[in-house]
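A quick write-up on the structure given underneath.
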Amino acid sequence: MGERASPELIDSIRRELGLDDPIHVRYLRWLGRTLRGDLGRSWATRRPVLESLVSRFPVTLRLTVLAFTLSTVLGVAVGVTAAVREVSGSGYLVRPLLLVGQSLPVVYLGLLLMYVFGVWLRLTPISGIGDGGLRYFALPAATLGLYGSVYKARMTRAAMLEVLRQDYIRTARAKGLAERVVVYRHALKNAMVTVVTVLGTGLSALLVGSVLTETLFGLPGIGKLQVEAVWARDYPVVMGCLLFEAATVSGVNLAMDVAYAWANPRIRLA
């Protein structure tokens, strides 16, 4: 209501929003409405929170799918290559690069890509969503994808190194199998439990961790909605965003538990 709002107006708004009730009463009221799909209304726009989330979700989903695809392909490929060539020159080169990449803040990486590809080379837009074309998602997806691929590469490399030292891998090579078959059909398949875990946590992180990227590139997704709500102290929207993030993480973790059985037959038979 602003700093000049009268005490009477403030009291009437508090009664309208139910803020004069005890906190446990407000929580139970909010929980009951949430179970019915009613997340309340925005204090700033008076728009239903669920409607705002639904309208912003396609942008976040598209960004997440693009970034997840890039990070998975790049991370697994680099991790497998680094493990196979552990004792070669390229293997020694990959490790410090992965360490540097893990330490690089996502905001700095995004600004670097914006300057190189958006300002210097002028290949892609640096902000906004425009007509919703793929070129507007190129830099944000590359930022999230490159940042997420580093962790996946490190974990894939560690899992592959452990598997490659097993006796059955030595036996497969002694049988004269091609190195490609040994690596991808035997080693990677048995390292998939760790890889699936990394992919699951990475997907959750992308869905709920796109706040900085969406804000930096001006994408109207759920992450940017959450930042706007925090600045406006729009608590119903903030709680709705947090509830969405918690449900996303829980759903992805459940899907990963199901994927374990596919990746490791011993879990399926247990």
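The values are calculated or read from the model by the stated rules, or taken from the named source; none is laboratory data. Note that the structure is predicted; figures quoted are calculated from it, not measured. Cβ: placed from backbone, ideal geometry, glycine included. Neighbour counts: every protein chain shown.
Could you tell me whether region 71-78 includes any residue that is under 30 Å from Glu162 (Cα atoms), surrounded by fewer than 18 Cβ atoms within 10 Å (Cβ to Cβ), assigned by TED's automatic domain parsing to the domain that holds Leu199 and touching a Phe, Trp or Tyr at 6+ places or on another chain (Cβ under 9 Å)? No, region 71-78 has no match at all. Might you check whether a residue that is at pLDDT 80 or above, surrounded by fewer than 20 Cβ atoms within 10 Å (Cβ to Cβ) and in a helix (DSSP H, G or I) occurs anywhere in region 220-229? Within region 220-229 (the criterion being at pLDDT 80 or above, surrounded by fewer than 20 Cβ atoms within 10 Å (Cβ to Cβ) and in a helix (DSSP H, G or I)), the answer is yes, since at least one residue qualifies. Only a single criterion out of (1) closer than 18 Å to Lys152 by Cα; (2) of a type in the set (A, V, I, L, M, F, W, C); (3) in contact with a helix residue (DSSP H, G or I) (Cβ under 7 Å, 6 or more places away or on another chain); (4) surrounded by fewer than 17 Cβ atoms within 10 Å (Cβ to Cβ) is not satisfied by Val84, namely (4).
Scanning region 187-215 for residues that are in contact with a helix residue (DSSP H, G or I) (Cβ under 7 Å, 6 or more places away or on another chain) and in a loop (DSSP other than H, G, I, E, B) gives Ala191, Ser210. Does region 177-191 contain any residue that is acidic (Asp, Glu) and modelled with pLDDT of 85 or more? Looking for residues that are acidic (Asp, Glu) and modelled with pLDDT of 85 or more, one finds none in region 177-191, hence no.
Residues checked against (1) within 21 Å of Val150 (Cα to Cα); (2) part of a helix (DSSP H, G or I); (3) not charged (D, E, K, R):
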| position | (1), (2), (3) |
| --- | --- |
| Glu8 | no, yes, no |
| Leu31 | no, yes, yes |
| Thr72 | yes, yes, yes |
| Val76 | yes, yes, yes |
| Ala83 | yes, yes, yes |
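Pairing residues of region 168-195 that are among the aliphatic types (A, V, I, L, M) with residues that are surrounded by fewer than 16 Cβ atoms within 10 Å (Cβ to Cβ) and in a loop (DSSP other than H, G, I, E, B), at Cβ distances under 9 Å and at least 6 apart in sequence or on separate chains, gives Ala187/Gln166. Being closer than 24 Å to Leu225 by Cα and either at pLDDT 90 or above or of a type in the set (Phe, Trp, Tyr) (or both) is the filter here; which residues of region 8-31 pass it? Residues satisfying the conditions are Tyr27, Trp30. Residues of region 230-270 that are outside any helix (DSSP H, G or I) and at pLDDT below 85: Asn264, Ala270. Could you list, in sequence order, the residues of region 33-60 that are part of a loop (DSSP other than H, G, I, E, B) and of a type in the set (Phe, Trp, Tyr)? If the condition is that a residue be part of a loop (DSSP other than H, G, I, E, B) and of a type in the set (Phe, Trp, Tyr), then Trp43 is the only one that fits. Checking each residue in region 112-124 for being surrounded by 15 or more Cβ atoms within 10 Å (Cβ to Cβ) and modelled with pLDDT under 90 picks out Gly118, Thr124.
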